[in-house]
Amino acid sequence: FKLSYYNEYKSYLSMAPLSSWVAMVTVLLLPEAVSGTCKTVNGVHGACKLRLNYFTLAGTHNSGAGAYGLLYWYSGAVAPSCNIRNQDKSITQQLELGIRYFDFDLSYLSSSSGSWWEKGLVLVHCNGVVGCAYSRSLKRALREIDNFMARTPDAVVAIRFKDHPSSARADIRNHLKDEVLSSFTHVQVNPDPNPYLKDAINSNKRVFVYANGGFAPRSPINELRQVETYFGSSASDTCYTVNDILSALQKDKYNRAGNSYYPVQVDWYTTGLCLWDEAGYCDGKMFHRLVDINKMVVQKYHRPINLVPIDYAGRGPVKLSDVVKEINEYNVKMF
């Protein structure tokens, strides 16, 4: 297995994101700016007492790459789905599957053209060899999240902005905060990187946004720094074992897994085949290994995993969100 950590990203998140194939976190806000009374968090009873960094979020990897159908090269040609498209469900459908963490790659378009190309921040999937393939605007995705949260008052969602073409960095930096804040009308973005979940829900500040340090994010967007296990290998029916993931965390030379200010992400996906085929290898019963991984992380680091992103949410017979709910019920008992 090939392991790499994204040490270059700053962040003072107190969560611990998971990294075992595709797990990521995103926190959503309540529909209207009306205070509520926290009873459950993402359907989990007893979680109101926890801080964000003691909670786990089911997520998607490259959440926008395929959420609006095919992707296109800047030339207008269709990008091949095999290694470019990571999802086939809309953002709303992902939310309905229990996804609460979104991983968005971004670029920027300086003008609109036709019915597809929209001026402003746009969702992309960038490949270092062939460049970036374009989807629809970031605003479309954020408004879907906002509308879902309006009718789901216990939802907490986290959003990560990370990969991007270097040529678009300045434009992303200049427009990110305004586009994010203007897209949420029913819930608010929480500037606190690690609040008690009851406070987030009661204040309707249920969305958490983190961005690559290169974007120079400003409050309420926090800088991103996390412990991340990333594996690159040919897909196989062996999948990752509990020891594989723990070994990846222990190899972190900064020992950040034991630091509660770094979210822990477990990436649950492999490489080698087309992304659609890979997504089916380690879903289903293999998802339950995450329960054991979380227990071992709690025993060693006294904190749970935070983020678990996957490709093609809903691909297998078992929903990731059901397994994450089991993980959070364990977290409630332990903390």
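The values are calculated or read from the model by the stated rules, or taken from the named source; none is laboratory data. Keep in mind the model is a prediction, meaning the values are calculated, not measured. With ideal geometry, Cβ positions are generated from the backbone for all residues, glycine too; neighbour counts draw on all protein chains shown. Ligands, DNA and RNA are stripped out before the accessible areas are found, and what is left, the full protein with its side chains, is counted by its heavy atoms. Shrake-Rupley method; radii C 1.70, N 1.55, O 1.52, S 1.80 Å.
Once the Cα gyration tensor of region 136-220 is found, what semi-axes does its equivalent ellipsoid get, as square roots of 5 times the eigenvalues, in whole Å, sorted largest first?
24, 15, 9
Just want the answer: with Cβ charges of +1 for Lys and Arg and -1 for Asp and Glu, which residue in Ile310, Gly280, Asn294 is farthest toward the dipole's positive end in region 276-321?
It is Asn294.
Accessible area of Ile84, 1.4 Å probe, to the nearest 10 Å²?
10 Å²
If you roll a 1.4 angstrom probe over the protein chains with everything in place, what fraction of the accessible area of region 82-199 belongs to carbon and sulfur, to the nearest %? Display every interim value, and only then the final one.
Values: 1980 of 4580 Å².
In region 82-199, the share of accessible area belonging to carbon and sulfur is 43 percent.
How high is the relative contact order of region 286-335, in percent, with contacts defined as C-alpha pairs under 8 Å that are six or more residues apart? Could you put the intermediate results ahead of the total?
Details: 23 pairs, mean separation 21.0, N = 50.
Dividing the mean separation by the residue count of region 286-335 yields 42 percent.
Relative to the compact globular guide of 2.2 N^0.38 Å, what is the alpha carbon radius of gyration of region 50-206, as a ratio?
1.05
Under a crude label model (7 Å from the Cα following the beta-carbon direction), how far is Tyr330 from Thr241 in nanometres?
Using points 7 Å along Cα→Cβ, the separation is 1.8 nm.
Please work out whether region 119-169 counts as rounded, prolate or oblate from its C-alpha gyration tensor, where a ≥ b ≥ c are the square roots of the eigenvalues and a/c under 1.5 means rounded, while otherwise a/b larger than b/c means prolate and anything else oblate? Walk me through the intermediate numbers first.
Details: a/c = 3.12, a/b = 2.36, b/c = 1.32.
Cα axes put region 119-169 in the prolate bin.
Once you've got the Cα coordinates, tell me which of Lys139/Lys162; Lys162/Lys285; Lys162/Lys295; Lys89/Lys295 are over 21 Å apart.
Flagged as over cut-off: Lys162/Lys285; Lys162/Lys295; Lys89/Lys295.
Could you please state, rounded to a whole Å, how far the C-alpha centre of region 111-126 is from the C-alpha centre of region 144-192?
17 Å
What distance in nm separates the two pseudo spin-label positions at Asn174 and Glu96, each 7 Å out from Cα along the beta-carbon direction?
Placing both labels 7 Å beyond Cα along the Cβ direction yields 3.9 nm.
Among Gln93, Gly131, Ser112, whose Cα sits farthest toward the positive end of the charge dipole of region 64-165 (+1 at Cβ of Lys/Arg, -1 at Cβ of Asp/Glu, about the Cα centre)?
Farthest towards the positive pole: Ser112.
Straight-line reach from Lys39: which lysines have Cα under 20 Å away, leaving out those fewer than 8 places along the same chain?
Lys49, Lys198, Lys205, Lys325, Lys333
At 7 Å along the Cα-to-beta-carbon direction for both Lys285 and Val129, put a label point, then send me their distance in nm to one decimal.
In this crude spin-label approximation the distance works out to 3.4 nm.
For the pair Lys119 and Arg218, what calculated FRET efficiency results from E = 1/(1 + (r/R0)^6), where r is the Cβ-Cβ distance and R0 = 22 Å, to the nearest 0.05? Could the numbers behind the result be given before it?
On the way: r = 22 Å, r/R0 = 1.00.
Calculated transfer efficiency: 0.50.
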